[in-house]
């Protein structure tokens, strides 16, 4: 054995680590770290995509002006009742988080998360243009709002559907395996196949939904260009598409719950829905939180559905943040502004990533 | 099995069928002639059954369609990205999990902090970077950026941490080098995690729309997502609904088949990944 | 001996090195994968242009062409991205209204000095065509057509409503008459009077623009946006009165509105010159609802005649050099030579020799819309016209799809267009 080692140089642990780490660190530095900081740098410039491509000096340093032009406005004031519905919910949320924490019903982390969210809900919608004022970018905040609405509909939709399905399909029989496969199938389709299918499904003239409605004598809904239904259309599409992985995660979580708990409950005559409520759900808390946070991160990045199905319309009602960033960069050629918006997106997603990390850690103890 | 179970099976049949309907409809439309579809899609049972039937759309796809080329590109990019991610993630993951070296904690934090950065926060600067070097319209442009995302490293790190230390100690006593331990001992053990990572990366690559949209400007580098997107936006100007649907079917078929064959591994992989992640 | 072989190999490479130039060509118009090379037999924009391209690929020695078809909506995003990424297509089609943006940045090649060598005669181009490709004293492209908005008419429905005289459709001469005629069609046939893509592409914008021009107004004047005014309001309400009365459906997109017309569910389709041959071919089919098809000039509803028009042209990037540049110009020349084939789509030709030819005059329906060339008007020039059109599209769609108040929408549009003009 010694002979084998003697003829070649043996690496120390540090050296071996260096060799092993190098490929990743090089790629990481080059394609994530550097671009990230460069993105910040771009956001500080007035940078026209085409102009700079032809003349590298055409960009101009403008400091934080892009951020101001995107997120702020002229004569913006704050009012506690500017957006009453949202702000009142925010106040209730703050109260609830304090109350529930006092009662010990939720963990510290959940209480803090709820509190922070509620404070934001109270503060942010309060900003509005005062007399003679206006937002510099009339579309930015509504776009953020649309994205939030989309997430607010999709995440619960996917989570609840996946949870119920996982609970129903949690048996090792042939039939159940077949069903699981059927429900998971939609997840592996690529986003543009999904938009292709549903674009036609929703078409008032050629769509399956329209065909069925007409047969029963109704008049078809023009889903994708009707402002009442466009958001619903992309939400339905996304729930159909995103069910798979959530369902699998719930199945994994369900399998971790010990059978004895159910047997003990059965002795007390608590089966079916009762068992689900009192045993399954509490034991799934960690998985549920994980699924929710993962889905929020995923759905916040929505792009394909809005870009290909509704084109952000009608009247911007389904315009989402990533699409707005893409259009600002490649349609309006405004790289600086687009980068500023991308930084905003990063801050939000970063916050949720931290949340996911903290939540994941919390239950390990 | 009790009666409740059978009611469950029956009760689930309807939602399962409904869930399958959109895909079935796409397949059915792909087998109907374009002229008929231009007027109505509802010929037989709302269009769910392909009568009138034709295989022309598929024949057309293979004789002069772009779809096979797009499909091949997606395959190359997905396989390349998967291999690349596996390579960098297993190596870095093991080093961070089990080896000792100066500044280890700092480097770990630096690596993992990248988890917070979404694709959309860097795609614009990446775009300008690649443009400056003239790297767009190439496979490496499509593959490299994702290799920098530390999710793979994180997954492998978690996995390696869970392996008992005795194995390495025994090997070290035998005079095996660290690199040899990694290659001959750890990698084989890591197969389940590697499967998870491979599947997740493959699906991600297959699905990616935003980055290929801005990076691939030449058709010969279009991935299947891009290609399908380019023909679906305006049906009135494309060759017909049937042909477009056939493209969608061809785009999905291999992935579906692959999934059906490997589904046990997929589920296993998700389970392992999910409970460890 | 070795040197001899190597020398021969090098010589052989040099001689055959000037072999196939690979030209990449970017275009919209849709995909037509089985177009073939017979430029006289193809039907529809997509297939005609692809057959011309395929023919060029086959007939031009030493040139092979790869087409990069893109859907219309995303075309300019992709072209911009490709320019910015350093790999623009060697030859690409453009609209006239985009020239200020691209030529202004130096993206396009100025080719006035090279036309003769490639076999293109700029003197054969009509005056308007030459003006369309000129910018700042130079020529930046080879024109291919003028296209304008027309009223495509279903004569059977009009006849049932009593709106046909002398074999021609009776079209309104004022907004009030428009509503009247619409009512007549609805009463007689139960169908919508008018269909158009109000929900997707900026066709609705072009309608409103034309109606504003008919009142001698425009959306901006040099550096001032003039949108929130009576002319614009009149233009918009002319359309919304039809929506409110149920004589037109604003929720249909391009494909759906076209299909409605072909199915015989609307008497009039407002669309462009680019579909004349397609609709003619469709009308000839027994199973298609449309039978008697007529092509009319956009009617004058206000003071003077006007209809939206634009022009397609082919350009090459300024970065193209040497053999490739020559090859690209040859491709442009080929397309120019086939102007009569392209005109078969319904577009108006740009070459005097073609305009005066018998073949052109004999094209189906051509004599029905001869007036269009006279009333065709260009959009006002601006580097940011693309963005301006997007703003208008959004605000107008807000009015007729979401019921936004006309005054508020026009005011918002004016503010945003002013922002764009100010930048």
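P(r) tail for the protein assembly as shown, what percent of Cα pairs lie past 41 Å?
Details: 265996 of 566580 pairs.
It works out to 47 percent of all Cα pairs.
Provide C:179, A:311 in ascending order of the number of other Cβ atoms located within 10 Å of each residue's Cβ, fewest first.
Numbers: C:179 18, A:311 23.
Ranked by crowding around the Cβ, least crowded first: C:179, A:311.
In chain B, helices alone account for a calculated mean residue ellipticity at 222 nm of -23000 deg cm²/dmol, with every DSSP H run of four or more residues adding -39,500 (n - 2.57).
This ranking places B:110, B:143 by how few other beta-carbon atoms lie within 10 Å of each, fewest first, which gives B:110, B:143.
Out of all DSSP beta bridges with both ends in the protein assembly as shown, state the antiparallel percent to the nearest 5. Write out the running numbers ahead of the final one.
On the way: 37 of 52 bridges.
Bridges in the protein assembly as shown are about 70 percent antiparallel.
This ranking places C:124, C:223 by how few other beta-carbon atoms lie within 10 Å of each, fewest first, which gives C:223, C:124.
Rounded, prolate or oblate for chain A? Axes are the square roots of the Cα gyration tensor eigenvalues, ordered a ≥ b ≥ c, and the cut-off for rounded is a/c under 1.5.
Working: a/c = 1.43, a/b = 1.10, b/c = 1.30.
Note, shape of chain A comes out rounded.
Using Cα atoms only, what is the angle between the long axis of helix C:406-422 and the major principal axis of chain C, expressed in degrees (0 to 90) to the nearest 10? That works out to roughly 30 degrees.
Just to confirm the number: angle between the C-alpha axis of helix C:322-337 and the first principal axis of chain C, 0 to 90 degrees, nearest 10? Long axis of C:322-337 versus the principal axis of chain C: about 40 degrees. Adding -39500 (n - 2.57) for every DSSP H run of four residues or longer, then dividing by how many residues chain A holds, sets the calculated 222 nm ellipticity at -20000 deg cm²/dmol.
The overall shape of chain B is oblate: from the C-alpha gyration tensor, with semi-axes ordered a ≥ b ≥ c, the ratio a/c is 1.5 or greater and a/b is no larger than b/c. Mind running the shape call on the stretch A:220-365? Use the C-alpha gyration tensor, a ≥ b ≥ c as the square roots of the eigenvalues: rounded below 1.5 for a/c, prolate if a/b tops b/c, oblate otherwise. Taking the square roots of the gyration eigenvalues as a ≥ b ≥ c, the stretch A:220-365 is oblate.
Converting the Cα gyration tensor eigenvalues of chain C into ellipsoid dimensions via √(5λ) gives semi-axes, longest first, of 42, 26, 18 Å.
Entry note, chain C: the mean residue ellipticity at 222 nm calculated from DSSP H runs of n ≥ 4, each adding -39500 (n - 2.57), is -13500 deg cm²/dmol after division by the residues and rounding to the nearest 500. The angle between the Cα long axis of helix C:75-84 and the main principal axis of chain C comes to about 30°, on a 0 to 90 degree scale.
Here, each number is a calculation from the coordinates, and none is a lab measurement. The model shown is predicted, which means the values in this text are computed figures rather than measured ones. Please note: Cβ atoms are built from the backbone with ideal geometry, for glycine as well, and neighbour counts cover all protein chains shown.
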